[in-house]
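A short write-up of the structure that comes next.
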Amino acid sequence: MAIAKQTIQVGNWEWFYREAHPETPTDKLPILFLHGLVSQSYSWSAILEEVAAKGYRAIAPDWIGSGFSAKPDKRDFAYTPDAFIKALGEFLEALELPKFHLVVQGFLGSVGLQYALRHPDQIERLLILNTPLSPEAKLPWKIKQMGWPFVGDMMTQDPLLVDRTLEGGSRYVLEDKDLDVYRRPFLQASATGRSLMATIKNLQLKEATAEIACGFQNWEHPTEILWGIADPWLDVSQAENFAKSVSGSVLVKLEKGGHYPQDHWPQEISESLLLFLRKQAV
């Protein structure tokens, strides 16, 4: 199943996204995949292929400021959750996606959860992978430093930060062919590092996780939390407590998965996601 690399101009910004279509049209709702820090849509590639083969249109954008999407100056784009949420809504409108299944992961995936809370009518089902879910969540030290003045300026201009972050969070080595894709935006333009720094500096994680923890207590859509329990940055207890607080949600544990499970366990994630989407809603 081929993955198309697409771009679309939405307002002032160009979005890059990867998309896989089923071979024959179906009436199944599409699936939207949102990546975290310091990742990009490429991380979902194997899963896009798997779900498209089962009849789902699958779309994974690079967030503004990440991957191969636009890297606006911080004077033109605030890099706050509100700015990302507004931009994501415009992207979805441009793609004519009024309703979809949502999959989120990571420290920028938290913005996807905020989007879901503010636009619940657009979400059919929700799958959460290793995403900050409570105010207990803290940015890992190596990512937090990237948002500091001077220190962050140097760190985010080093393409090898991708290797150290993705491999440190996942606890597994990535193949060179994958690292080449993850590094490329940092090698192409210094704006990539500046955008990453601005994103980390303005993530407002404490306020975002407070909104998530409170808002999802009234969430009524089918939800699965699929958690790599070897995550060095987010403890599985957050997922367990979240599952207890969200009515009808299910927690599935990936015994060997780390913070970026989609990079190393795509088959297991695809199978769990497809089973979840087939389940009859209670």
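The values are calculated or read from the model by the stated rules, or taken from the named source; none is laboratory data. This structure is a prediction, so every number in the text was calculated from the model and none was measured. Please note: Cβ atoms are built from the backbone with ideal geometry, for glycine as well, and neighbour counts cover all protein chains shown. Surface areas here come from the heavy atoms of the whole protein model, side chains and all, with no ligands, DNA or RNA. Shrake-Rupley method; radii C 1.70, N 1.55, O 1.52, S 1.80 Å.
Considering only protein heavy atoms and a 1.4 Å probe, what is the carbon-and-sulfur percentage of the accessible area of the stretch 2-108?
Working: 1940 of 4170 Å².
Answer for the stretch 2-108 is 47 percent, counting heavy atoms of protein chains only.
Using the Kirkwood formula over every pair of different C-alpha atoms, what hydrodynamic radius in Å results for the stretch 3-133?
Working: mean 1/r = 0.0680 Å⁻¹.
Value: 14.7 Å, from the Cα pair sum.
In Å², and per residue, what accessible area does the chain have when probed at 1.4 Å with the other protein chains present? Write down the numbers at each step before the final one.
Values: 12330 Å² over 282 residues.
I get 44 Å² per residue for this part.
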With both bridge residues required to lie in the chain, what share of the DSSP beta bridges run antiparallel, to the nearest 5%?
35 percent
If N is the number of residues in the chain, what value comes out of its Cα radius of gyration divided by 2.2 N^0.38 Å?
0.92
Just from its helices, what would the mean residue ellipticity at 222 nm be for the chain, if runs of 4 or more DSSP H residues each count -39500 (n - 2.57) and the sum is divided by every residue, rounded to the nearest 500 deg cm²/dmol?
-12000 deg cm²/dmol
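Using the alpha carbon gyration tensor of the stretch 95-137, what are the three equivalent-ellipsoid semi-axes (square root of 5 times each eigenvalue), largest first, in whole Å?
Values: eigenvalues 81, 20, 14 Å².
Values for the stretch 95-137, descending: 20, 10, 8 Å.
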Please report, for the Cα atoms of the stretch 1-40, the Rg to one decimal and the Dmax as a whole number; what are they, in angstrom?
12.7, 34
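What is the dipole size for the chain, taken about its Cα centre, with +1 at each Lys and Arg Cβ and -1 at each Asp and Glu Cβ, in debye to the nearest 20? Could the numbers behind the result be given before it?
Numbers: 28 positive and 35 negative charges, 76 e Å.
With only Lys, Arg, Asp and Glu charged at Cβ, the dipole is about 360 debye.
If I take all pairs of Cα atoms in the stretch 225-282, what percentage of them are more than 18 Å from each other?
Details: 599 of 1653 pairs.
Tail of P(r) above 18 Å: 36 percent of Cα pairs.
So, with +1 on the Cβ of K and R and -1 on the Cβ of D and E, and no other charges, what is the size of the charge dipole of the stretch 135-282 about its Cα centre, to the nearest 20 debye? Working shown, then result.
Numbers: 16 positive and 20 negative charges, 55 e Å.
It comes to approximately 260 debye.
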Please work out the Cα center distance from the stretch 51-71 to the stretch 249-282, rounded to the nearest Å.
18 Å
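Quick check: at a probe of 1.4 Å, how many percent of the accessible area of the stretch 158-245 sits on carbon and sulfur atoms? Intermediate results must be reported in sequence, preceding the final value.
On the way: 1970 of 4070 Å².
Roughly 48 percent, rounded to a whole number.
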Please give me, ordered by residue number, the GluC sites (Glu not before Pro) of the stretch 132-215 that lie in loop per DSSP and have at most 10 other Cβ atoms within 10 Å.
Glu175
